[in-house]
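Structure first, commentary second.
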Amino acid sequence: TARISDKAVLPFGFGLHCTTFGVNVSLTHHSTNDLRMIVKRCHSSKYLGLCEFGQVVVDVHNAGDVASDYSALAFVSGNYEPKPHPIKELAAYKRLHDIKAGETKHASLPITLGSLARWDEEGRQVLYPDCYEIAIDTHPELAEVTFTLTGEPRVLEVFP
């Protein structure tokens, strides 16, 4: 229900941490945000949805007093078509193990074109131009990065 309603009793991923963490996040990707060029770069991929758009680089600092694992959850959201659409969707995740108090660990989470795309009523997986947000962790989000994709919508896959 957390995908379609902000009234869930507990958000997806709640309770995964045993201490307090601080997070910094950045996005590394190829030099263009133009959808035509992004899809063209992936022309050799059999499934365009599996082609990597970029990496969300997460720096996790244990600001608490005890060692703990951290599950880095990257959620993608945006108001792009088609509507109705999910509030947010899990795009990538990685677990960092045994982060000691005061220690910082790093993770790279691959973001695929398919994790940014949405399925339309005609059974097509479409990557839309618009502003996208990738947030780390559940409510409250600990860090976020935004970017804009430009150009015309691009079909990645058609469901038979």
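Quick check on region 43-63: of everything there that is assigned to a loop (DSSP other than H, G, I, E, B) and more than 20 Å from K94 (Cβ to Cβ), which residue is most open to solvent (accessible area, probe 1.4 Å)? If we take residues in region 43-63 being assigned to a loop (DSSP other than H, G, I, E, B) and more than 20 Å from K94 (Cβ to Cβ), then K46 is most open to solvent (accessible area, probe 1.4 Å).
Would you confirm whether any residue within region 108-131 is over 28 Å from K46 (Cβ atoms) and open to solvent by 50 Å² or more (accessible area, probe 1.4 Å)? Yes, there is a match, as at least one residue in region 108-131 is over 28 Å from K46 (Cβ atoms) and open to solvent by 50 Å² or more (accessible area, probe 1.4 Å). Restricting attention to region 64-107 and to residues that are of a type in the set (V, I, T) and open to solvent by 10 Å² or more (accessible area, probe 1.4 Å), the residue that is farthest from E141 (Cα to Cα) turns out to be V66. Hey, any hits in region 132-139 for a residue that's closer than 16 Å to N33 by Cβ, of a type outside the set (D, E) and part of a loop (DSSP other than H, G, I, E, B)? No, every residue in region 132-139 fails to be closer than 16 Å to N33 by Cβ, of a type outside the set (D, E) and part of a loop (DSSP other than H, G, I, E, B). Entry remark, region 74-117: residues being assigned to a strand (DSSP E or B) and either touching a residue at least 60 places away in the same chain (Cβ under 8 Å) or in contact with a strand residue (DSSP E or B) (Cβ under 6 Å, 6 or more places away or on another chain) (or both) number 23 in total. For L127, the test of being in contact with a strand residue (DSSP E or B) (Cβ under 6 Å, 6 or more places away or on another chain) and within 19 Å of T32 (Cα to Cα) is passed.
The values are calculated or read from the model by the stated rules, or taken from the named source; none is laboratory data. Remember, predicted model here, so these are calculated numbers, not experimental data. A quick note on method: Cβ atoms are made from the backbone with ideal geometry, for glycine too, and the neighbour counts reach across all protein chains shown. Accessible surface is based on the protein model in full, side chains and every heavy atom, while ligands, DNA and RNA are left aside. Shrake-Rupley method; radii C 1.70, N 1.55, O 1.52, S 1.80 Å.
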